[in-house]
Amino acid sequence: MKRDLGAAAFFTALAIAMTWPLARILNRGVSDPGDPYHLTWVLDWDWYATFHQPLHLFQANIFYPTPDTLAYSEHIYGIAMFLFPLRAAGVGALTAHNIAVLLAFAFSGFAAFLLGRTVSGSTIGGVAAGIFYAYLPWRFNQLPHLQNLWGGWLPLMVVALIHCGRKPGWR
């Protein structure tokens, strides 16, 4: 457990370092003048709709009078749920988006670390896997696309499959 917390802290610090100066300008900076603003709006709409009109999430306030307009784009609700505590604490929409970018890198690195350690049995191998997976040049090419940065679920699913294969059973 202590080793996992150390790895999580390492990948969080590495996410801040590799995306610098994003951490310094969380409330006012974005990587690109296009998609980050759109995705910030989507995350903010998810927050608003969840607590004001939960049965009408896709009835976004765009393209009136067309119905279900959020379906024209990614709703990224799975990412938005991680940001709800931040939004409840009063963190602004753009700041929450930028924190989601940092969390995406840290999460991807940590998940690949778990996979690397599970497969190799080595903590160093896990750290190398996490670095190589989370900080590929392709990921920095996708910096404006938050939904593409959250790639940690795939290594976590593989870790779960490996554990299930090693100890099959209902538990």
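Looking at Leu143, Leu149, Leu83, just one residue is under 22 Å from Tyr37 (Cα atoms) and surrounded by fewer than 20 Cβ atoms within 10 Å (Cβ to Cβ), and that residue is Leu143. Does the range 86-101 contain at least one residue that is buried (at least 22 other Cβ atoms within 10 Å of the Cβ), part of a helix (DSSP H, G or I) and free of Cβ contacts under 8 Å to residues at least 60 places away in the same chain? There is at least one residue in the range 86-101 that is buried (at least 22 other Cβ atoms within 10 Å of the Cβ), part of a helix (DSSP H, G or I) and free of Cβ contacts under 8 Å to residues at least 60 places away in the same chain. Looking only at the range 21-65, residues that are without any contact (Cβ under 8 Å) to a residue 24 or more places away in the chain, assigned to a loop (DSSP other than H, G, I, E, B), open to solvent by 60 Å² or more (accessible area, probe 1.4 Å) and not aromatic (Phe, Trp, Tyr) come to 4 in all. Out of the residues in the range 129-140 that are in a helix (DSSP H, G or I) and open to solvent by less than 40 Å² (accessible area, probe 1.4 Å), state the one that is nearest to Asn27 (Cα to Cα). Among them, the one singled out is Arg139.
Please work out which one of (1) more than 20 Å from the chain's Cα centre (by Cα); (2) surrounded by 15 or more Cβ atoms within 10 Å (Cβ to Cβ); (3) small (Gly, Ala, Ser) is the condition Ser108 fails and give its number. Only one criterion is unmet by Ser108, namely (1). Of the candidates Phe51, Phe132, Phe63, the single residue that is over 13 Å from the mean Cα position of the chain (by Cα) and at positive phi is Phe63.
Filtered by the rule that a residue be among the hydroxyl-bearing types (Ser, Thr, Tyr) and under 30 Å from Asp35 (Cβ atoms), the range 114-140 gives Tyr133, Tyr135. Of the residues in the range 113-128, not one is open to solvent by 60 Å² or more (accessible area, probe 1.4 Å), aromatic (Phe, Trp, Tyr) and within 17 Å of Thr12 (Cα to Cα).
When Arg139, Arg117 are checked against the criterion of being closer than 27 Å to Lys2 by Cβ and basic (Lys, Arg), a single residue qualifies: Arg117. When Thr69 is tested against the conditions (1) more than 19 Å from Phe11 (Cα to Cα); (2) open to solvent by 40 Å² or more (accessible area, probe 1.4 Å); (3) over 16 Å from the mean Cα position of the chain (by Cα), the lone failure is (2). Among the residues of the range 41-82, those identified as of a type in the set (Ser, Thr, Tyr) and closer than 25 Å to Leu103 by Cα are Tyr48, Thr50, Ser73, Tyr77.
The values are calculated or read from the model by the stated rules, or taken from the named source; none is laboratory data. These numbers come from a predicted model, not from an experiment. Cβ coordinates were reconstructed from backbone atoms using ideal geometry, including for glycine residues, and neighbour counts include every protein chain displayed. Note: areas computed on protein heavy atoms with side chains; ligands, DNA, RNA excluded. Shrake-Rupley method; radii C 1.70, N 1.55, O 1.52, S 1.80 Å.
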